Amino acid sequence: MTDASIAAAYDARAAEYVDVAGDIAQLDAADRTLIARWRDATTGPLLDAGCGPGPWTSFLHDGHRDVVGVDISEQFIEAARERHPHLRFDVGSFRALPYEDATLGGILAWYSLIHTPPADLPAVFAEFARVLAPGGALLVGFFDGTSRRVFDHAVTTAYFWSPNDLRSLLAEAGFTVTRHERRERSGDEVSIRPHGAVAAVKR
């Protein structure tokens, strides 16, 4: 998958995505609890990497934080700007983030790396490390399963990951994993696949 193909796939279904997952109330309460705890434990500006139409960006901002959202889909960014005009949203790629070195205190990548080809993920983590200040925090949400195994996502090709494999990749990029979690989905969640999350700090 290339950036262009991922962007095109989401641009084509952006309106549908906004309908089912564009509002924070549509997203799982357990996710809100975890992300709020992470948000409140960080310092400095935050980045919502793969912000979509902006529900998590707004949620981070609601904690009285300086936050920016970035996404590769122009349609998502347009929707985010319409829904949250008081916040900043940028079109950009994880491979070359439009931010200066060591300027961010935290990055939320909530299910936004699932389409990144496994061979490209080390470079993305290195880019995250570039823009994070020392001690900066990273929180990654993903579908827990056999690492690198492809599954049929509703929008485009996606990959499972395991906490152990992500730990290894993050360590190579200069991060230390501080916690991880796994849980099965409940019937009222947007997705039915097992949830995983890994939190890390930049060394």
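Note on segment 32-75 and segment 124-203: Cα centroid distance 16 Å, given to the nearest whole angstrom.
Any idea what the dipole of segment 3-202 comes to, in debye rounded to 20, about its Cα centre with Lys/Arg Cβ at +1 and Asp/Glu Cβ at -1?
620
Take Ala12, project a point 7 Å from its Cα along the Cβ direction, then tell me which residues of segment 35-73 have their backbone nitrogen under 18 Å from it. Answer for segment 35-73: 72-73.
When you restrict to C-alpha pairs under 8 Å that are six or more residues apart and normalise by the size of the chain, the relative contact order lands at 19 percent. By DSSP, the beta bridges lying fully in segment 3-202 are antiparallel in about 50 percent of cases.
Just want the answer: with Cβ charges of +1 for Lys and Arg and -1 for Asp and Glu, which residue in Val201, Ala29, Thr43 is farthest toward the dipole's positive end in the chain? Farthest towards the positive end: Val201. Taking a virtual spin label 7 Å from the Cα of Arg95 along the C-beta vector, which residues in segment 120-155 bring their backbone nitrogen under 16 Å of it? The answer is 120-128.
Within 10 Å, count the other beta carbons around each residue, average over each peptide in 115-121, 155-161, 53-59, and list them highest first.
On the way: 115-121: 16.1, 155-161: 19.0, 53-59: 25.1.
Per-residue mean Cβ counts within 10 Å order the peptides as 53-59, 155-161, 115-121.
Can you put Ser162, Ser93, Ser5 in order of Cβ neighbours within 10 angstrom, beginning with the fewest? Kindly include the intermediate steps, with their values, before the conclusion.
Values: Ser162 19, Ser93 16, Ser5 12.
Going from least to most buried by this count: Ser5, Ser93, Ser162.
Note on Ala126 and Glu184: the model spin-label points, each 7 Å out from Cα along the C-beta direction, lie 4.0 nm apart. A full extension of the chain between Val155 and Met1 corresponds to an added length of 54.2 nm, given 0.36 nm per residue minus the alpha carbon distance.
Every number here is computed from the coordinates shown, using simple stated rules; none is lab data. These numbers come from a predicted model, not from an experiment. No Cβ is skipped: glycine too gets one built from the backbone with ideal geometry, and neighbour counts run over all protein chains shown.
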